[in-house]
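S.K.: Below is one structure. I have some questions about it.
The numbers here are math on the coordinates, done by the rules we state, and not lab data. Here the structure is a predicted model, which means the values were calculated and not measured. Methodologically, a virtual Cβ is constructed for each residue, glycine included, from the backbone with ideal geometry; neighbour enumeration extends over all protein chains shown.
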Amino acid sequence: MATHKITTGRVRSKRVRQMTQTLALVLVCAMVLPLTGYLFPETQSVTAQAQQATGDANQRSEFWRVVREGGAGYSSVVSSVANPETNTLYNITGQNWRQIRNGLIANYGGWFLFGVVIAIVLFYALRGRIDLTEPESGERVQRWGFWERSLHWYTASLFIALTVTGLSLLFGRALLIPLLGPEGFSFWAGLSINIHNTLGPFFVLGPILMFIFWVRHNLPTAVDVAWFFKGGGIIGKAHPSAGKLNGGEKVWFWIVILLGVGAVSFSGFALIGWVQEYFGVEFTRSYAQYMHILHSVSALLWIAVFFGHVYIGTIGSEGSLDAMTRGHVSKEWAKQHHDLWYDEVKDAEESSASPASSSETESTA
Amino acid sequence: MARMKFLCDAERCIECNSCVTACKNENEVPWGVNRRRVVVLGDGEPGEKSISVACMHCTDAPCAAVCPVDCFYTTDDGIVLHDKDLCIGCGYCFYACPFGAPQYPQQQAFGVRGKMDKCTFCAGGPLADNSDAEYTKYGRNRISEGKLPLCAEMCATKALIAGDGDTIADIYRERVLQRGTRPQTWGWETAYPTG
Ligand code: HEM
Ligand code: SF4
Ligand code: SF4
């Protein structure tokens with residue numbers, strides 16, 4: 001009995017002690033924590049900013065000027081999930097973004113892409129297809145292996161899906177609502193944004209693997225400079241020398257890497273919710289606006305160059321598409337467009353002297 | 001025809017957050033969303049000012065201009081509303097709005113945004129007036145019943161006033177004259193640049 005009483009008494013006094021300690025802690029925190037504000041002088045109040053800007057005379061109008069320019073205050077309302085700008089009354093940067101997005105990007109950007117298509121059509125009408133100068137003998141030269149072609153078409157198909165869905169969001173209001181109606185377009189736009197934001201991250205794998213496997217073919221040489229000076233065989237009738245890849249193809253490669261990965265994919269990733277969460281970026285309006293402009297401007301430029309790439313790989317040049325579909329090209333095509341590479345392949349074939357070497361020959365039926 | 005506007009008198013607002021609570025309750029807004037908020041400028045310093053802000057129902061609304069699915073419309077009373085059945089949650093209206101009005105309900109998996117929600121000036125949405133569907137999606141339609149937004153009706157100091165632009169501007173002008181302060185129609189030059 002006695003021992004029992006003592007223990008309960010001990011427990012009680014322990015509890016009292018704990019309670020007073022907790023209370024003291026709460027009090028100390030309540031007094032000290034607000035002072036931590038002084039540790040962060042950069043989070044200046046609107047009044048302090050206004051005072052700094054002028055003397056006391058104009059302080060009142062300065063106060064409102066600072067507010068108009070996005071000076072932050074304090075709000076006890078936790079607005080919107082993950083909106084770090086609840087404390088800001090004004091953010092007039094949206095007006096600039098609206099002008100750039102609707103004017104420069106959606107309006108001039110559209111005419112720019114349209115102009116590129118017209119230019120390609122005109123070029124085709126004037127220049128026509130680049131034909132092979134010698135008739136095909138039937139002898140074929142291996143150019144891209146199965147894995148390389150898979151990588152190319154993986155990247156290309158995702159690129160097209162991203163282009164169609166991305167452009168739908170950008171131009172759909174002007175071009176697709178009249179066609180599909182508001183409900184129809186809303187359905188398509190909802191699908192587009194989800195396809196776009198889901199496939200985007202998978203897409204980047206393509207250019208990254210291309211960089212790893214193909215960078216050795218794409219280092220610029222003096223031959224490429226000469227190739228450009230001779231108009232690349234595209235302008236004029238010259239047949240400038242080229243290795244496995246010519247100057248133009250190398251430029252396309254570096255556009256894919258620098259513009260495609262460095263600008264389009266980077267900014268695309270930056271706009272995706274789970275990426276922001278993972279890297280803990282503060283999703284402010286200015287951030288979203290910058291990334292959006294970078295993404296759409298660089299994407300439009302990339303699409304324009306892509307149109308040129310598709311043209312030259314299909315109707316623009318006889319026999320080129322074979323390289324990426326069947327993986328091999330005619331001997332005549334190799335000699336005309338990539339003479340130095342053809343010589344290399346032939347030399348390798350002769351020195352190894354075995355019939356089943358890197359340049360397998362086969363006859364076309 | 002009335003041209004509905006909000007005006008917050010910074011000399012009167014005492015940051016009681018009644019407008020915020022009234023709105024949240026009247027409209028049963030989605031979890032995580034507050035259509036109205038009060039921002040305190042220069043908190044705890046002499047000259048501290050508080051302002052209650054929500055969608056200002058802009059004349060040439062930036063949100064409407066950038067929406068890829070064009071789902072905004074302006075009512076005859078100048079109230080800017082949007083159609084949640086068309087909205088794809090892209091976030092562009094949020095990028096463009098100067099007042100931080102558009103918000104998105106709790107994020108779904110992979111940080112995907114839900115349908116945008118913002119202040120409706122208590123005017124509901126495009127669905128049938130006072131229907132259950134309208135109430136669930138957009139909140140109360142007080143305007144159709146001849147009532148003003150509840151936030152302004154609830155404001156104890158009458159700092160937040162809502163109604164026809166000319167009428168509330170007159171009320172405000174009278175106040176400014178009586179107390180001898182300079183007018184500060186906060187946000188008006190951005191929301192209603194052409195009057
Ligand atoms: C790594 C790949 C990519 C990612 C992660 C990505 C992501 C995004 C995101 C998040 C948006 C904005 C949507 C929003 O704000 O919610 C967007 C828009 C857009 N993207 Fe991409 N994207 C990628 C690649 C591409 C590619 C390859 C193209 C075309 C070449 C492209 C063209 C566009 C366009 C045109 C828009 C619409 C801009 C507008 O409506 O104003 N994107 N993309
Ligand atoms: S305040 Fe924002 S959401 Fe409201 S009309 Fe203006 S731009 Fe649109
Ligand atoms: S979030 Fe909805 S309302 Fe806002 S711009 Fe996108 S589609 Fe339009």
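S.K.: Which far-off residues, 5 or more places away or on another chain, put their amide H under 5 Å from the one on residue B:141, with H placed in the peptide plane?
M.R.: Here B:130 satisfy the definition.
S.K.: Apply the Karplus parameterisation 6.51 cos²θ - 1.76 cosθ + 1.60, with θ equal to phi minus 60°, to every residue of the range A:262-272 and state each ³J(HN,Hα) to the nearest whole Hz, in sequence, with x for glycine and proline.
M.R.: x, 10, 5, 5, 4, 6, x, 4, 4, 8, 8
S.K.: Another question, if that's okay. Compute the FRET efficiency between residue A:344 and residue A:126 as 1/(1 + (r/R0)^6), taking r as their Cβ-Cβ distance and R0 = 30 Å, and round to the nearest 0.05.
M.R.: Efficiency for this residue pair is about 0.30.
S.K.: Continuing with this model, one more query. Of the trypsin sites (Lys or Arg not before Pro) in the range A:204-257, which ones lie in a loop per DSSP and count no more than 13 other C-beta atoms within 10 Å?
M.R.: A:237
S.K.: Let me ask you something else. Over 26 Å between Cα atoms, which of B:5/B:137; B:49/B:115; B:5/B:147; A:237/A:331; B:115/B:158; B:118/B:158 qualify?
M.R.: B:49/B:115; B:115/B:158
S.K.: On to the next question. Could you go through the range A:254-261 in sequence order and give the Karplus-derived ³J(HN,Hα) for each residue, using 6.51 cos²θ - 1.76 cosθ + 1.60 with θ = phi - 60°, rounded to whole Hz, and x for Gly and Pro?
M.R.: Karplus values, whole Hz, x for Gly and Pro: 6, 5, 4, 6, 7, 6, x, 7.
S.K.: A further question on this structure: Quickly work out the residue B:2-to-residue B:182 label distance, labels modelled 7 Å from Cα along the C-beta direction, and quote it in nm with one decimal.
M.R.: With each label point 7 Å from Cα toward Cβ, the separation is 3.2 nm.
S.K.: Per-residue Cβ counts within 10 Å, from other chains only, averaged over B:43-51: what number is that? Could you put the intermediate results ahead of the total?
M.R.: On the way: counts 9, 5, 5, 1, 7, 5, 6, 3, 4.
Counting other chains' Cβ atoms within 10 Å and averaging over B:43-51 gives 5.
S.K.: Would you pull out the residues with amide H under 5 Å of residue A:317's amide H, same chain only if 5 or more places away, H placed 1.01 Å from N?
M.R.: Under 5 Å from the amide H of residue A:317 lie the amide H atoms of A:130, each far enough along the sequence or on another chain.
S.K.: So what's the net charge close to residue A:98: Lys and Arg +1, Asp and Glu -1, counting the other residues with Cβ under 13 Å from its Cβ? Spell out each step's value before the answer.
M.R.: On the way: positive: A:101, A:285; negative: B:60.
That works out to +1.
S.K.: In whole Hz, with x marking every Gly and Pro, tabulate ³J(HN,Hα) for the range A:179-192 from phi via Karplus 6.51 cos²θ - 1.76 cosθ + 1.60, θ = phi - 60°.
M.R.: Values, residue by residue: 7, 9, x, x, 5, x, 5, 4, 4, 5, 5, x, 5, 4 Hz.
S.K.: Just need the relative contact order of the range B:4-190 here, percent rounded to a whole number, with Cα pairs under 8 Å and 6+ apart.
M.R.: About 28 percent, as a whole number.
S.K.: How much of the DSSP bridge set in the protein assembly as shown is antiparallel, in percent, rounded to the nearest 5?
M.R.: 95 percent
S.K.: Counting only residues 5 or more places away or on other chains, whose amide H sits under 5 Å from the amide H of residue A:75 once H atoms are built in the peptide plane?
M.R.: B:40
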